[in-house]
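Taking it in order: structure first as structure tokens, then the write-up.
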Amino acid sequence: MFMAAAALLCSLGSLFMPPTLPHGYVCYHASTPPVLDGKFNSPAWNLAPWTEDFVDIEGDLKPRPRYRTRAKMLWDDHYLYIGAELEEPHVWATLTKRDSVIFHDNDFEVFLDPDNDGQFYSELEMNALNTVWDLLLPRPYRAGTPPLTGWDMHGLKTAVHVNGTLNDPTDTDHGWTLEIAIPWTAIAETARTSFPPQDGDQWRINFSRVQWDIDIVDGKYHKLPRPEHNWVWSPQGVIDMHRPERWGILQFSTSPTGPVPLKPLQGQQERVLLTQIWDAQLDFRNAHQRYATSVSELGLKIEGATIEATTHLFEAALGPYRIDTAQHFWKVGAK
């Protein structure tokens with residue numbers, strides 16, 4: 001899969017070390033929608049394959065997570081369904097108010113970019129109390145725009161089941177499972193693509209699990225003052241979920257079950273290289289108060305890449321693909 005992308009990136013040798021090529025998932029059409037109770041009891045889920053087990057956000061640079069996490073997906077004419085299973089010997093959560101910063105608890109997170117342009121993508125976080133935080137990001141944080149935290153996925157449905165006891169340090173739990181139904185109507189405003197999707201459509205998606213180290217003191221859980229663990233489906237290569245070009249591929253199929261082959265994602269190698277130019281331009285502007293006008297001025301060697309720039313704006317091109325100051329990625333002539 002994506003052999004052409006790998007060949008092009010590897011040809012650059014030590015000039016650029018690309019992240020692992022993204023995972024892909026074929027999402028099948030549910031003839032009967034699952035009933036959301038957090039337990040995966042609906043027969044529809046039996047036809048949906050599991051993702052690969054989650055890994056550290058940096059991929060092979062770090063050890064495998066100590067607890068298993070995996071997910072599965074379905075869709076119908078009204079919703080995208082997501083289910084996840086999180087192994088956890090001590091299930092705890094504290095936040096109960098919607099739109100709290102949920103990753104201060106252990107959580108499960110969804111990142112979704114339907115039109116694969118890195119703009120106006122959504123994020124959903126939830127904890128074991130079924131408290132959610134949904135937000136819209138006009139562009140990645142590195143591009144300098146804050147998220148829209150007041151945005152809501154209207155009609156969102158979520159459910160959680162704890163296989164054990166919540167917030168009880170005296171026993172050992174098996175973990176928690178969750179189910180999510182994201183209405184097409186809630187995210188249709190965020191992207192220029194078909195809602196519901198068409199057969200073969202490809203979106204970008206990733207999942208993250210934030211896991212804090214804890215101790216039990218006087219019969220209560222205490223979060224230790226150390227960095228959290230970030231375990232993800234498709235590794236990012238860096239500790240940053242807000243790099244949509246590194247997310248996994250979600251391919252929709254109108255078939256109720258597979259196997260359906262995953263198509264190569266068009267433009268992935270160009271996007272990775274154009275994002276490298278974007279990152280270099282950010283550093284260059286911080287150093288010189290302007291943007292570079294050529295790839296060579298950035299110290300990069302990317303054959304065929306060009307830059308048009310003013311003091312405050314730039315656009316980089318590689319074949320028919322473009323990236324601009326706002327980190328907007330697109331293909332010239334694409335509808």
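Coordinate-derived values only; no laboratory data. Keep in mind that what you see is a predicted model, and the values were worked out from it rather than measured. Cβ: placed from backbone, ideal geometry, glycine included. Neighbour counts: every protein chain shown.
Structure notes:
- From least to most packed, judged by other beta carbons within 10 angstrom and beginning with the fewest, Thr257, Thr158 follow the order Thr257, Thr158.
- By other beta-carbon atoms within 10 Å, ranking Leu47, Leu21 with the fewest at the front produces Leu47, Leu21.
- In the chain, taking the dipole from charged Cβ atoms about the Cα centre, the farthest positive-side position among Ile214, Tyr121, Tyr67 is held by Tyr121.
- Our summary gives the chain a relative contact order of 21 percent, counting only alpha carbon pairs under 8 angstrom and 6 or more residues apart.
- Over segment 112-249, volume per residue of the alpha carbon convex hull, in Å³: 140
- Cα gyration tensor, segment 101-191 - rounded (a/c under 1.5), prolate or oblate: prolate
- Qualifying chymotrypsin sites (Phe, Trp or Tyr not before Pro) for segment 204-262 [loop in DSSP, other Cβ within 10 Å: at most 11]: none
- From the alpha carbon centroid of segment 128-177 to that of segment 40-108 is 10 Å.
- Shape analysis of segment 168-295 places it in the oblate category; the axes a ≥ b ≥ c from the Cα gyration tensor give an a/c of at least 1.5, with a/b not above b/c.
- Where Rh is the Kirkwood radius over Cα pairs, Rg/Rh for segment 268-330: 0.92
- Estimated from helices alone, the mean residue ellipticity of the chain at 222 nm is -3000 deg cm²/dmol (sum of -39500 (n - 2.57) over DSSP H runs with n ≥ 4, per residue).
- Angle in degrees between helix 268-288 and the longest Cα principal axis of the chain, rounded to the nearest 10: 70
- Each of the peptides 65-77, 270-282 was scored by the mean count of other Cβ atoms within 10 Å over its residues; in descending order, highest first, they stand as 270-282, 65-77.
- Each of Asp218, Asp134, Asp152 was scored by other Cβ atoms within 10 Å of its Cβ. Listed from fewest to most, they are Asp218, Asp152, Asp134.
- For the chain, the C-alpha radius of gyration sits at 1.03 times the compact-globule guess of 2.2 N^0.38 Å, with N the residue count.
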